[in-house]
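Quick notes on the structure that follows.
The values are calculated or read from the model by the stated rules, or taken from the named source; none is laboratory data. This is a predicted model, so every value here is computed, not measured. Reconstructed Cβ throughout: ideal geometry from the backbone, glycine too, with neighbour counts over all protein chains shown. Note: areas computed on protein heavy atoms with side chains; ligands, DNA, RNA excluded. Shrake-Rupley method; radii C 1.70, N 1.55, O 1.52, S 1.80 Å.
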Amino acid sequence: TTLQPTDALKLPNVKHIVSNVQKDNLVPQVLNLHPFDSEPLSRVPLPGLHRRTRAFIKVQDGCGMSCSFCIIPSVRGRSRSVPVDAVRRRLADLASSGFREVILTGIHLSSYGRDLEPRSSLLHLLREIEDARGGFRVRLSSLDPRLITSELIDHIAASRTIRPHLHLSLQHAAPAVLRAMGRPVEPGSYQRLLDELRRASPDAALGADVIVGFPGETEAEFEELRAFVETSPLTYVHAFPYSPRRGTPAADRPTLPAAVVTARAGALRRLSEAKDLSFRRGLAGRDFEAVVIRRTGPGARVLTANGVDVVVPACGAPEREIVRVVVRAAHPGRTEGEAVR
């Protein structure tokens, strides 16, 4: 359900509304509403914020696509990009603060730069920020496979700055369901893209978002999706049960029985777990660059360049530091490694 701010203020215990465009200033607004003994804002401790080991930069917002299930274009508007120079300045600030890995995020990151003057692109942004100083690494958030070019793939594969970990918004693999979703793309193009990504970057983690139980999805169409995931180079999927959003075309269509949707989502999640375990086991005995994301006594948890969370029993590096680790063993839900000295 979509609430207008005036409606939300009428709900029990709702005192203040922060709009989407104001959310970057959420903490100051909350502190102004609930001051801590009149302490100046700069002196008020903010638990947890200082412990962030990787930084996030939102370089794009909004979306100009027209997927039938998505409310984002209505509530966030058309795609808007942060100019390249502003991104570079933000990166410099984060590097000076000690961050070594930065995640570029956006509602529709693949559309980056199309609204700028002069027109730019995600590829142009990546080329520009790789020239910046700071020794940081860059990880990308979700990408729309319909806007990924061979030139972008080649650049990511050859880069020493961009992490080989790509997550795609595939959504489905049955042609009829994709058309109903407002995404008129043939699954064969998805397969070719994934094959190209795997050839260019053999060790990359390749993930995808998929929606199960979309209105009208038949058992045969779900099986098309399941078979696609099983035979593809994907290393994992995030399977989301369809949830209607009021105001979207898909919300007016009859939904599938909840038990059917739950069963289908469970089947894909089990498949994803099996593929993820197989991928991680295939890395055993090899070393990778990684960032320390949490200290655990004498050891640490690290995230490898290709997106694997590894437990390292003995690691003296501090959080945020870039290290190298050897993957030793992979188990369901856990990967173990050893620091390279």
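Things worth noting here:
- Average accessible area per residue (Å²) across region 79-126 - probe 1.4 Å, nucleic acids and ligands excluded: 46 Å²
- A 1.4 Å probe run over region 198-274, with the rest of the protein chains in place, finds 48 Å² accessible per residue.
- Measuring nothing but protein heavy atoms, the accessible surface of region 156-207 at 1.4 Å probe radius is 55 percent carbon and sulfur.
- Stretching the chain fully between ALA274 and LEU116 yields a gain of 52.7 nm (0.36 nm per residue, less the alpha carbon separation).
- Counting 0.36 nm for each residue step from GLU196 to ALA251 and taking away their Cα separation leaves a gain of 16.3 nm.
- Solvent-accessible area of region 210-261 (1.4 angstrom probe, protein heavy atoms only): carbon and sulfur portion equals 59 percent.
- Portion, in percent, of the accessible area of region 279-330 that falls on carbon or sulfur, probe 1.4 Å: 53 percent
- Accessible-area value, SER232, 1.4 Å probe, nucleic acids and ligands omitted, Å²: 10 Å²
- Stretched out straight at 0.36 nm per residue, the stretch from GLU128 to ASP93 would grow longer than its current Cα-Cα span by 11.0 nm.
- Shape of region 92-231, Cα gyration tensor, a/c cut at 1.5: prolate
- Residues ALA176 and GLU151, FRET efficiency given R0 of 25 Å [Cβ-Cβ distance, rounded to 0.05]: 0.20
- The charge dipole of region 196-264, taken about the Cα centre with unit charges on the Cβ atoms of Lys, Arg (+1) and Asp, Glu (-1), comes to about 260 debye, rounded to the nearest 20.
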